[in-house]
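Below is one structure, written out as structure tokens; the observations come after it.
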Amino acid sequence: MQEGGYCRGDSPAVQWGAMMSELRRLSDTVYAFPGDNRRARPWLGAVTTAAGTVLIDSGNGPLHAAALQAALDRLGAPPVSHILLTHHHWDHVFGSAAFPGARVVAHVLTQRHLRVMAGEPWSADYVAAKEGPARGPSLGRLINEAVPDWTAFRAVPADIVFNERFDLTLGNVRFAVEHVGGQHEPDQCLVHVEPGNVLFLGDAVYGRGPRAAWDLVDLRQALAGFLDRGAAWYVEGHRPPADRETFRGRLARL
């Protein structure tokens, strides 16, 4: 017997793996693809329209992107036409090359990083050397696991660059990409999707570096501002989607 798409006799590991490979539906057209912090995989957005599928971030590499594409194929989603980037961190952008037909949209500050990445001589040794002793081997290991074949890897600059806000309408779906900056990275952007009233936050709700170094007062103010936007769903980069009341509780705990 199956419950929620999983066999009752399946092990917890099998059930967890299946859950992590399926899109989570937030509205008629808006989906969130599960992240996995153990593998530095952020939550991604996927929005289906009559004119194509729009992604919010592209994943941490070809394996993550392939898992997302497989989920889209099972859904019968149209081809990916656009990728809206929230910021430049590798785990949010290294999957872009897996969608060659998509137009990448990024803030001007994000584009500066993407152009640097596009010119770097990526390899397993280069990643290991780039981290250095101060950051240890763990991040380099995660990056190399996310991109097991560097010979086929390509960092992708944006096709469309904006300064403060970018608006896109496909079919009857409206996207607003807004630059907000903040502690995590100066190029951080939010993506609001209507209909569905879903706000993709990227990593705007986090500080930078160790949690002890975060300015919690500043973060509380930022989260309060996001809550005031009145979204039905809030999708962070590294936590499951939260409805408005759940996100309000997140603010209270912070």
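The set of residues in segment 233-254 that are small (Gly, Ala, Ser) and free of Cβ contacts under 8 Å to residues at least 60 places away in the same chain comprises Ala242, Gly249, Ala252. Kindly provide the set of residues from segment 111-132 that are open to solvent by 50 Å² or more (accessible area, probe 1.4 Å), modelled with pLDDT under 95 and closer than 20 Å to Arg208 by Cβ, ordered by number. Listed by number, the list holds a single entry, Lys130. When you check Ala224 against the structure, is it of a type in the set (A, V, I, L, M) and either surrounded by 13 or more Cβ atoms within 10 Å (Cβ to Cβ) or part of a loop (DSSP other than H, G, I, E, B) (or both), yes or no? Criteria not met by Ala224. Checking Ala231 against (1) surrounded by 14 or more Cβ atoms within 10 Å (Cβ to Cβ); (2) within 23 Å of Arg38 (Cα to Cα); (3) of a type in the set (A, V, I, L, M); (4) more than 15 Å from the chain's Cα centre (by Cα): exactly one of these is not met. Which one? Result: Ala231 passes all but (2).
Applying the criterion of being aliphatic (A, V, I, L, M) and under 30 Å from Thr29 (Cα atoms) to the residues of segment 148-171, the residue that is most open to solvent (accessible area, probe 1.4 Å) is Val161.
Taking segment 234-254 as the search range and keeping residues that are open to solvent by less than 20 Å² (accessible area, probe 1.4 Å) and assigned to a strand (DSSP E or B), which one is nearest to Ala204 (Cα to Cα)? Out of the qualifying residues, it is Glu236. Yes or no: Val193 of a type in the set (A, V, I, L, M), out of contact with any helix residue (DSSP H, G or I) (no Cβ under 6 Å at 6 or more places or on another chain), open to solvent by 40 Å² or more (accessible area, probe 1.4 Å) and farther than 16 Å from Ser58 by Cα? No; evaluated as a whole, the condition is false for this residue. The single condition from (1) surrounded by 21 or more Cβ atoms within 10 Å (Cβ to Cβ); (2) closer than 16 Å to Ala155 by Cα; (3) of a type in the set (Lys, Arg) that Arg41 fails is (2). Residues in segment 66-85 that are in contact with a helix residue (DSSP H, G or I) (Cβ under 9 Å, 6 or more places away or on another chain) and open to solvent by less than 10 Å² (accessible area, probe 1.4 Å): Leu68, Ile83, Leu85. Filtered by the rule that a residue be in a loop (DSSP other than H, G, I, E, B) and either crowded, with 16+ Cβ neighbours inside 10 Å or among the hydroxyl-bearing types (Ser, Thr, Tyr) (or both), segment 196-210 gives Gly196, Asn197, Asp203, Ala204, Val205, Tyr206, Gly207. Listed here are the helices (runs of 4 or more DSSP H) enclosed by segment 71-184 that have at least 1 residues being among the polar types (S, T, N, Q): 108-118, 138-146. Restricting attention to segment 86-110 and to residues that are hydrophobic (A, V, I, L, M, F, W, C) and within 17 Å of Pro62 (Cβ to Cβ), the residue that is surrounded by the most Cβ atoms within 10 Å (Cβ to Cβ) turns out to be Val93.
The values are calculated or read from the model by the stated rules, or taken from the named source; none is laboratory data. What you are looking at is a predicted structure, and each value in this text was computed from that prediction instead of being measured. Quick reminder, even Gly has a Cβ in these numbers, built from the backbone with ideal geometry, and neighbours come from all protein chains shown. These accessible areas exclude ligands, DNA and RNA; they are computed on the full protein's heavy atoms, side chains included. Shrake-Rupley method; radii C 1.70, N 1.55, O 1.52, S 1.80 Å.
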